[in-house]
1. Toward the positive end of the charge dipole of the stretch 1-81, about the Cα centre and with charges on Cβ (Lys, Arg +1; Asp, Glu -1), which of 27, 14, 56 goes farthest?
2. Mind putting a number on the dipole of the stretch 9-104 about its Cα centre? Charges go on the C-beta only, +1 for Lys and Arg and -1 for Asp and Glu, and I need it in Debye to the nearest 20.
3. Note the per residue figure in Å³ for the convex hull of the C-alpha positions in the chain.
4. Which value, in Å² rounded to 10, gives the accessible area of residue 109 with a 1.4 Å probe and all protein chains present?
5. For the residue pair residue 37 and residue 400, what label-to-label distance in nm results when each label sits 7 Å from Cα along the Cα-to-beta-carbon direction?
6. Residue by residue through the stretch 386-402, which ³J(HN,Hα) values in whole Hz follow from phi under the Karplus form 6.51 cos²θ - 1.76 cosθ + 1.60 (θ = phi - 60°), with glycine and proline marked x?
7. Counting only DSSP beta bridges with both residues in the chain, tell me the antiparallel percent, nearest 5.
8. Given H placed 1.01 Å from N in the peptide plane, which residues other than close sequence neighbours of residue 300 have an amide H under 5 Å from its amide H?
Amino acid sequence: MDKKGPVKGRDMTMLTVWNDAAIGIKGDQVVWIGSTKESSILEASKTIDANGRLVTPGLVDPHTHLVFGGSREEEMALKQQGVPYLDILKQGGGILSTVRATREATYQELLEKALFHLDRMAMHGITTVEAKSGYGLDAVTELKQLRVVKEATTVHPLDIVSTFLGAHAIPPDYRDDPEAFLTDMSELFDVIKQENLAEFIDIFTETGVFSIVQSRRYLLKAKEKGFGLKIHADEIDPLGGTELAVELGAISGDHLAVTSDEGIQKLANSQTIGVILPGTSFYLGKDDYARARDMIDAGAAIALATDFNPGSSVTENLQLIMAIAALKLNLSPEEIWHAVTVNAAHAIGRGEQAGRIAIGRKADIVIWDAPNYKYIPYHFGVNHTNTVIKNGKVLYERPAIR
Ligand code: NIG
Ligand code: FE
């Protein structure tokens with residue numbers, strides 16, 4: 001990835017492939033890039049031979065719901081009967097069933113579970129990840145989730161960027177007064193800032209959840225407090241969340257499955273990154289895949305994420321999302337690689353740290369069991385990582401069976 005980014009529109013097709021390249025790492029940093037031949041001048045204490053395999057920057061997953069209690073495999077049958085996602089939520093299931101499980105879980109249980117999922121992400125080549133709260137919907141549990149993320153950053157090698165998503169659903173006791181609920185959640189902004197518990201504030205702008213007017217008011221408060229903004233926008237109904245993200249200067253608008261033509265145009269003319277989550281369309285059995293092709297053609301910067309969560313996209317595997325992006329969004333392999341590296345990093349405020357292999361940056365590098373970069377979106381549903389390097393250290397190596 002040559003361009004610093006965010007890489008917009010047609011530029012997303014421009015990447016350079018170095019054949020027979022070598023990378024020098026000192027401590028946690030990339031200090032040298034050249035050809036294998038030139039690398040003989042380096043005095044290396046350890047050499048890893050990639051043996052002709054593909055080597056890329058570590059993947060960046062810019063949208064996950066990492067911390068939650070329980071699981072929702074029982075909902076699969078409801079989905080198969082055709083019960084819509086928002087109806088399950090209305091009946092107190094869906095997000096609200098995970099809220100009950102997350103409230104019941106202890107801090108330690110949530111931490112162990114989050115670390116387990118982080119391990120799996122790392123195995124799949126992710127070296128930087130965003131993590132949202134949003135399964136507490138009360139002060140105690142939301143802060144519990146955020147503190148779990150904070151502790152996870154100290155004990156897990158992956159870089160984790162935290163987002164407060166207290167406005168993820170209306171809890172039953174506030175059913176008739178969503179405004180009061182949003183006020184309560186916004187009262188947490190100060191403690192979140194003081195304890196450095198999150199960089200971004202996110203909201204689910206959707207029918208039966210929060211309206212455009214409520215979302216705007218809530219996010220403006222967050223902006224005043226100095227937070228970056230994100231929106232779960234236009235996932236199921238086209239309320240105009242994409243336009244709102246642009247209007248407020250949000251760092252990203254996420255989902256965008258049913259964004260209007262006007263929304264696409266506004267996104268293209270803005271600095272806001274469209275974070276597309278095609279695993280969710282796939283998992284919810286929707287025909288509405290985000291029009292990422294039109295967005296890029298219009299000049300927008302697009303990133304891809306797993307949306308890893310227990311209800312609408314149950315996977316830690318960003319490689320699978322890359323395949324879905326090729327098959328369902330019609331993106332080229334070059335666009336897909338930008339979307340999971342440099343643009344994904346920009347979508348979570350890490351454009352200067354992650355998403356590219358460059359001198360002076362952290363050595364977050366993946367060696368793939370693949371002959372070239374087009375291979376990863378092509379061969380779907382399995383893990384292609386051979387070696388994952390984070391901060392200059394080998395984090396994962398594919399175990400030998402024979
Ligand atoms: O990004 N849309 C809202 N939130 C999540 C799903 C959360 C859940 O179902 O538990 C999403 O799809
Ligand atoms: Fe999400």
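The values are calculated or read from the model by the stated rules, or taken from the named source; none is laboratory data. Quick caveat: nothing in here was measured; it's all calculated off a predicted structure. Every residue, glycine among them, receives a Cβ derived from its backbone with ideal geometry; neighbour counts consider all protein chains shown. All accessible areas refer to the heavy atoms of the entire protein, side chains included, with ligands and DNA or RNA removed. Shrake-Rupley method; radii C 1.70, N 1.55, O 1.52, S 1.80 Å.
1. Value computed over the given set: 14.
2. Dipole of the stretch 9-104, to the nearest 20 debye: 180 debye.
3. 136 Å³
4. 100 Å²
5. Modelled inter-label distance: 3.2 nm.
6. Going residue by residue, I get 9, 9, 10, 10, 10, 6, x, 10, 6, 9, 8, 10, 4, x, 7, 8, 10 Hz, with x marking Gly and Pro.
7. Among the beta bridges of the chain, antiparallel pairing accounts for roughly 45 percent.
8. Amide H to amide H, under 5 Å and 5 or more residues apart or across chains, residue 300 pairs with 9.
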